[in-house]
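The values are calculated or read from the model by the stated rules, or taken from the named source; none is laboratory data. Keep in mind that what you see is a predicted model, and the values were worked out from it rather than measured. Positions of Cβ are backbone-derived with ideal geometry, glycine not excepted, and every protein chain shown enters the neighbour counts. What goes into the accessible areas is simple: the full protein's heavy atoms, side chains included, and nothing from ligands, DNA or RNA. Shrake-Rupley method; radii C 1.70, N 1.55, O 1.52, S 1.80 Å.
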Amino acid sequence: MAGSHGLTAHDVTVQFPRPGRQPDVTVLRKVSLAVAPGEVVALLGPSGSGKSTLLRAIAGLERLTHGDVRWDGSSVVATPVHLRGFGLMFQDGQLFPHRDVAGNVAYGLTFPTPDDGANPAGARPSRAEKAERVAELLELVGLPGFEGRSVSTLSGGERQRVALARSLAPGPRLLMLDEPLSALDRSLRERLTGDVARILRDAGTTALYVTHDHSEARVVADRVGVLLAGELAQIGTEEELWGAPASAGVAEFLGT
Ligand code: ADP
Ligand code: MG
């Protein structure tokens, strides 16, 4: 798929060794998918289906046994994790407790990105530029004026908003979110889901969004991929998936 834009994963297979003479365990089997620029694709699947492993493999944190990961048609398999220009956000946000909100968000600005001239690798923004960008990001995630707040005074939902702002700060060409709302209680999660969808749209972010929550996937994503036992069983729009599940396994998982 040379010439294609955005992310493409080709036949991604990940196996892990097992002790002794046991054969390797195959956690991902020939997973192929594409995420176009500006598109949000959700990966939906039960616990243990390989969702986090797929994100880690795309990020470069897990070695591919077979297959390829490409950006705009060029393989990134040999590119170190921090130079891929991909961001990752986790369930627990992983904020620095000793930095205030601005310090947490600004942390993301100090990383080199392989982006076009706007932020060439290694360029350090000035203090004023940083402050302006932090304010912009906090506005985007619905926390204007939170710069000086201590992280320890934030609610769970506010923390995840800060984590999202930090992930967006370096302008990743792909943002991968691994169950970013699953640690929050249900009512808060439902409210935040719509906000996250809007934030990703407003930022024009290209994103892979992992969740095991069906309604979250439908709200956030343009297309949804269903991962079952390490295989991409189907990928399509909400209408395609729920209207015409490709297999009995998909239908059962979606509850149609
Ligand atoms: P999900 O995120 O969908 O819950 P994971 O990607 O975390 O699933 O895990 C998929 C499967 O791979 C699980 O059975 C898990 O135990 C296994 N697995 C994940 N990482 C490793 C590893 N480093 N070594 C061996 N098995 C692993
Ligand atoms: Mg997981």
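Before moving on, here are some points about what is shown:
- Average projection, convex hull of the Cα set of the range 205-256: 3.5 square nanometres.
- For the range 83-234: rounded, prolate or oblate by the Cα gyration tensor [a/c cutoff 1.5]: oblate
- Cα-based shape type of the range 1-55, given that a ≥ b ≥ c are square roots of the gyration tensor eigenvalues and the cut on a/c is 1.5: oblate
- For the peptides 205-217, 91-103, the ranking by packing is 205-217, 91-103, with the highest mean count of neighbouring Cβ atoms within 10 Å listed first.
- Acute angle (nearest 10 degrees) that the helix 186-203 long axis makes with the longest principal axis of the chain, alpha-carbon atoms: 80 degrees
- Whole-Å distance, taken between Cα centres, linking the range 57-76 and the range 1-47: 9 Å
- Note on surface exposure: Phe253, Phe90 rank Phe90, Phe253 by accessible area, highest first, 1.4 Å probe.
- Compared with the dominant principal axis of the Cα atoms in the chain, helix 156-168 is inclined by about 90°.
- Plainly put, the chain has a radius of gyration that is 0.98 times its Kirkwood radius, both from alpha-carbon atoms, as the Rg/Rh ratio.
- 1.4 Å probe accessible area per residue over the chain, in Å²: 47 Å²
- Anisotropy class of the range 168-228 from Cα gyration tensor, a/c 1.5 cut: oblate
- The residue among Gly156, Phe96, Gly255 whose Cα reaches farthest toward the positive pole of the charge dipole of the chain, with charges on the beta-carbon of Lys, Arg, Asp and Glu, is Phe96.
- Over the chain: helical MRE at 222 nm, DSSP H runs n ≥ 4 each giving -39500 (n - 2.57), nearest 500: -9500 deg cm²/dmol
- For Lys30, the shell of other residues with beta-carbons less than 12 Å away shows a net charge of -2, using +1 for Lys and Arg and -1 for Asp and Glu.
- The order of the peptides 5-16, 166-177 by mean Cβ neighbours within 10 Å, most packed first, is 166-177, 5-16.
- With K and R counted +1 and D and E -1, the other residues having a Cβ less than 14 Å from that of Ser126 yield a net charge of +2.
- Whole-number percent relative contact order across the chain, with pairs defined as alpha carbons under 8 Å at least 6 apart: 26 percent
- Among the trypsin sites (Lys or Arg not before Pro) in the range 1-98, those placed in a DSSP loop whose Cβ has at most 11 other Cβ atoms within 10 Å are Arg21, Arg63.
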